[in-house]
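Working notes for the structure below.
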Amino acid sequence: MDSVSPSILQFTQFESQALGQQLIDKALYYKADPRIDIQKGMGKRIGCIFLNPSLRTRVSTQIAASNLGVEPIVLNMDKEGWALEMREGAIMNKGTVEHIKDAAGVLGTYFDILAIRAFPSLTNKEEDMNDFVFSQFVKYSGIPVISLESATRHPLQSLADQITIREHSSGIKKPKIVLTWGPHIKAIPHAVANSFAEWSLGMGHDLTITHPAGYELSEKFTKGATIEYNQKKALQDADFVYVKNWSGFNDYGKIISTDPSWMLTEKHFVNAPNAKVMHCLPVRRNLELSDEILDGPRSLVQKQAENRIYAAQSVISHLI
Ligand code: CP
């Protein structure tokens, strides 16, 4: 991300193919024997700070930490913490009670690692693109930070997705991966789509992105991908199809289309008979993705969710 420099002491984005391969190898090592390194993190503590809801990220990160002997403590900031002021120099005479400088500083003394979820506003593009809220935690905590999904990226999800692709790629030399937009009724962040594109391209895969006109993602994440507006053409010969909704990026945070023909059913796979289908969950059934696909043999969604544990375990192990 722009305002947070990549460092070995953070896990906020894709850094290199070599590190990506190393993290996938380690994740599969832990998957084979989850508590093999139970002594490694004894005496250490990870603070999992949620400014937004979560099921998978919250639970998988706690299990991953426990598998390494690291004590996880979860703080749901929206319900359990004080209302935070993020802006420098603010006169705090309105609704906010504690400044991020003070809160993050305190958390930095309580934990060895912080893990933060901070979604975008989808109204202030510049602040979102700079991961403003997430970056304030990084700046003031002074300890290693893991992204549990920021405004721009969801790297633990992307690592779990790459683990899942590796596990299901045997016999495929260079898998064709398609990221397809799916319909939704709400304005959804870009983080999963951005991050999936960034990791797939970074890991050297052949990536095609398909969406209705107007849903172009930031080129910062998609440079090197084939952009194909015809979904049928894009899906031809696909090995993996990743379904995700996102809102407009150029027309920031807007819903431009809800065209139901973009929701995948078996009919969409006539030219990709062996394609596997992926989604990060949660998914709105029969809006974003059909029951037929989610409950059928193409679906890898449960496997992706399971791999969230080993993605997190690999990263926590790397940082400690
Ligand atoms: N995929 C994912 O991040 O799920 P949660 O929002 O439930 O954590």
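The values are calculated or read from the model by the stated rules, or taken from the named source; none is laboratory data. Not measured: the values here are computed from a predicted model. Because the Cβ atoms are built from the backbone with ideal geometry, glycine has one as well, and the counts that use them run over all protein chains shown.
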If you go through the range 149-197 one residue at a time, how many are of a type in the set (D, E, K, R), at pLDDT 95 or above and either within 16 Å of the ligand (Cβ to nearest atom) or assigned to a loop (DSSP other than H, G, I, E, B) (or both)?
-> 4
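Conditions (1) part of a strand (DSSP E or B); (2) in contact (Cβ under 8 Å) with a residue 12 or more places away in the chain; (3) not acidic (D, E), marked per residue:
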{"residue": "G41", "(1), (2), (3)": "no, yes, yes"}
{"residue": "I46", "(1), (2), (3)": "yes, yes, yes"}
{"residue": "S54", "(1), (2), (3)": "no, yes, yes"}
{"residue": "A65", "(1), (2), (3)": "no, yes, yes"}
{"residue": "W82", "(1), (2), (3)": "no, yes, yes"}
{"residue": "E88", "(1), (2), (3)": "no, no, no"}
{"residue": "I91", "(1), (2), (3)": "no, no, yes"}
{"residue": "K101", "(1), (2), (3)": "no, yes, yes"}
Give the residue, chosen from I24, I46, that is within 30 Å of S169 (Cα to Cα) and among the aliphatic types (A, V, I, L, M).
-> I24
Within the bounds of the range 68-77, is there any residue that is part of a helix (DSSP H, G or I) and within 16 Å of the ligand (Cβ to nearest atom)?
-> yes
Could you give every pair whose Cβ atoms fall below 6 Å, whose first residue belongs to the range 272-296 and is without any contact (Cβ under 8 Å) to a residue 12 or more places away in the chain, and whose second residue is assigned to a loop (DSSP other than H, G, I, E, B), counting only separations of at least 6 or pairs across chains?
-> none
Taking V138, is it over 28 Å from H205 (Cβ atoms) and either crowded, with 24+ Cβ neighbours inside 10 Å or not small (G, A, S) (or both)?
-> yes
Taking the range 248-263, which residues are among the hydroxyl-bearing types (S, T, Y) and buried (at least 18 other Cβ atoms within 10 Å of the Cβ)?
-> Y252
Matching residues in the range 12-55 - criterion: being within 16 Å of the ligand (Cβ to nearest atom), aliphatic (A, V, I, L, M) and surrounded by fewer than 21 Cβ atoms within 10 Å (Cβ to Cβ) = L51, L55
For the range 108-129, does any single residue satisfy the condition of being surrounded by fewer than 17 Cβ atoms within 10 Å (Cβ to Cβ), closer than 23 Å to K44 by Cα, of a type in the set (S, T, N, Q) and away from the ligand (no atom under 16 Å from the Cβ)?
-> yes
Number of the exception - K233 against (1) outside any helix (DSSP H, G or I); (2) more than 22 Å from A311 (Cβ to Cβ) | (1)
For A312, which of the numbered conditions (1) assigned by TED's automatic domain parsing to the domain that holds P53; (2) away from the ligand (no atom under 15 Å from the Cβ); (3) touching a strand residue (DSSP E or B) at 6+ places or on another chain (Cβ under 9 Å) fails to hold?
-> (2)
Per the filter on the range 277-305, residues crowded, with 17+ Cβ neighbours inside 10 Å and away from the ligand (no atom under 12 Å from the Cβ) are V277, E288, L289, S290, I293, L294, R298, S299, L300
The correct count of residues that are basic (K, R) and more than 30 Å from H318 (Cα to Cα) in the range 86-116 is 2
